[in-house]
Amino acid sequence: MVIDAAPQPNKVRWGELEEDDTEDLDFLLPPPQVIGPDDNGIKKVIEYKFNDDGDKVKITTTTRVRKLANARLSKRAVERRSWPKFGDAIHEDVGSRLTMVSTEEILIERPRAHGSKAEETNTVGGDSLAQLTKGGAVLMVCRTCGKKGDHWTSRCPYKDLAPQPEAFIDKPTASDPTAAASVTKGAYVPPSMRAGADRSSGTDMRRRNEENAVRVSNLSEDTHEADLRELFSRFGQLTRVYVAIDHKTGLSRGFGYVNFVNREDAERAISKLNGYGYDSLILQVEWSTPRPN
Amino acid sequence: MRPILMKGHERPLTFLKYNRDGDLLFSCAKDHTPTVWFADNGERLGTYRGHNGAVWTCDVSRDSMRLITGSADQTVKLWNVETGAQLFTFNFDSPARSVDFSVGDKLAVITTDPFMELTSAIHVKRIARDPSQQTAESALVIKGPQGRINRAIWGPLNRTIISAGEDAIVRIWDSETGKLLKESDKETGHKKTVTSLSKAVDGSHFVTGSLDKSAKLWDSRTLTLIKTYLTERPVNAVTMSPLLDHVVLGGGQDASHVTTTDHRAGKFEAKFYDKILQEEIGGVKGHFGPINALAFNPDGKSFSSGGEDGYVRLHHFDPDYFNVKI
């Protein structure tokens with residue numbers, strides 16, 4: 001926070017006088033005071049002003065001045081800092097805004113989830129997924145490009161190139177008179193409910209998330225998905241690990257879900273880990289109950 | 001991290017360079033004025049007016065007093081970094097593509113493009129300490145490679161010059177005699193134009209980026225291929241972290257295709273790779289066009305990228321970058 005403690009210039013323009021409703025009582029106020037920064041870098045700025053009701057208000061702003069620990073600059077670099085501007089930079093308008101700080105927070109995007117190793121998933125136990133694939137049944141079908149056995153949908157190299165799902169456009173076809181009729185009525189029909197839509201897919205997706213799901217609660221705030229994966233993967237193969245994160249604080253909300261490939265593994269995990277002391281808290285591990293809706 | 005956006009150039013960026021202390025950042029673009037910025041807050045310090053064409057490249061002396069710039073106006077100019085004054089102009093008969101000061105700043109290697117029936121060439125110029133004594137004559141001229149030489153840099157102890165360009169072959173030349181010492185193997189080497197070349201802080205190895213969608217790490221002395229980093233887009237710019245074992249690749253599809261494809265498919269991120277494991281660590285998004293230039297601050301704590309979109313984006317890393325694990 002920067003507070004300008006410099007005294008106001010004495011020259012008062014008439015235009016400003018007209019606009020100022022707060023009268024010219026400012027001279028009654030004590031001048032602003034700046035205390036510090038002290039040894040801890042605490043700086044206090046005390047200002048006085050009149051509030052809307054005409055009462056005198058004292059505003060104390062406490063700020064901490066920090067020196068950057070690693071700001072080691074060579075003598076030359078410090079000198080360069082005070083070099084006068086040259087070239088086009090001399091007459092640079094204040095409003096030109098050549099240098100701006102991005103309004104967007106840019107993160108280094110990891111190609112896969114933090115801490116989870118892609119290869120790790122098929123090292124434990126019977127490696128059932130891999131066996132299934134080898135057995136001839138092609139499980140790995142990319143939903144984006146339709147390629148079989150090459151990659152999962154989430155890893156599809158053509159993901160970006162895939163056309164937008166056209167479900168919203170809802171093109172009525174000649175062979176589908178009901179759909180066309182519903183469009184003309186103007187009532188919204190969700191894509192999954194439309195005639196000709198693959199009704200199974202939507203419900204399928206939901207069920208998949210609830211399959212062999214184990215709810216883990218009483219987690220400490222420092223527990224991440226990678227930790228849960230480490231803890232649970234010794235019981236069998238996992239399909240999903242999820243820790244609920246509070247969107248505001250970015251901290252864990254203290255519970256999460258783990259989905260197992262095999263139900264037996266999940267059962268074993270529950271019997272072993274329920275009541276297990278983890279990171280100074282006692283874990284509560286149970287079957288996840290599907291949502292009432 | 002919140003990158004700092006610097007919009008000083010009207011046209012696509014071509015090259016970025018930090019000085020040795022890491023407090024100044026020099027940017028070159030296809031507009032005619034190289035610009036210097038403070039590398040911490042992105043404030044513009046000055047511009048170097050005088051070129052009459054796209055500026056392809058620059059280099060700054062170790063003491064941050066002299067700047068050398070190579071331009072498509074067929075000149076290479078020496079500048080006073082502090083005042084922006086022109087000190088000397090080398091005139092060529094074809095556009096200058098790359099410049100590099102030797103260790104000690106007494107020599108500079110300049111490459112010129114093939115132009116009007118002239119072949120490409122590598123010139124070595126002596127740089128006088130006093131600009132009034134500067135002469136234009138070349139200490140050495142090397143000719144031979146076909147097509148443009150996109151980059152030529154000094155090898156260890158100034159004994160060699162490493163060059164690479166349109167013919168996709170990396171070559172090492174003797175800097176005294178101009179003799180060709182080593183050539184990269186056609187089988188293992190790049191398949192398409194080498195667009196960029198950047199050496200490690202200690203000069204022991206260097207990395208090349210190519211339009212064949214890969215970057216390769218080479219030994220500076222023996223020219224043995226050490227590592228290959230595969231990506232899914234043409235590589236326009238490469239750089240290496242001086243602090244961690246990270247290689248950064250920048251690229252994207254050809255500028256002429258940008259308007260015809262979705263921006264998500266353009267792959268305009270700067271991609272971080274682990275130098276040793278050759279695995280991708282992450283990507284930094286932000287540019288609206290392909291990345292043409294990348295530079296790492298010598299302290300390894302920030303890097304900047306320049307794009308076809310005319311922006312320089314200066315990224316100061318968050319603390320968690322320094323303990324990323326694969």
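The values are calculated or read from the model by the stated rules, or taken from the named source; none is laboratory data. Not measured: the values here are computed from a predicted model. No Cβ is skipped: glycine too gets one built from the backbone with ideal geometry, and neighbour counts run over all protein chains shown. Ligands, DNA and RNA are stripped out before the accessible areas are found, and what is left, the full protein with its side chains, is counted by its heavy atoms. Shrake-Rupley method; radii C 1.70, N 1.55, O 1.52, S 1.80 Å.
Quick look at the numbers
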item	result
Single residue of the stretch B:109-163 satisfying the filter (in a helix (DSSP H, G or I) and touching a residue at least 40 places away in the same chain (Cβ under 8 Å)) that is nearest to B:Gln74 (Cα to Cα)	B:Pro131
Strands (runs of 3 or more DSSP E) wholly inside the stretch B:1-77 that include at least 3 residues being without any contact (Cβ under 8 Å) to a residue 40 or more places away in the chain and more than 14 Å from the chain's Cα centre (by Cα)	B:44-47
Qualifying residue in the stretch B:309-318 (condition: of a type in the set (Val, Ile, Thr), within 21 Å of B:Arg97 (Cα to Cα) and touching a strand residue (DSSP E or B) at 6+ places or on another chain (Cβ under 7 Å))	yes
B:Asp63 more than 9 Å from chain A (Cβ to nearest Cβ) and of a type in the set (Asp, Glu)	no
Extreme residue, most open to solvent (accessible area, probe 1.4 Å), among residues of the stretch B:23-53 that are more than 7 Å from chain A (Cβ to nearest Cβ) and of a type in the set (Asp, Glu)	B:Asp40
Residue count, the stretch B:154-166 (criterion: surrounded by fewer than 18 Cβ atoms within 10 Å (Cβ to Cβ) and on the phi < 0 side of the Ramachandran plot)	2
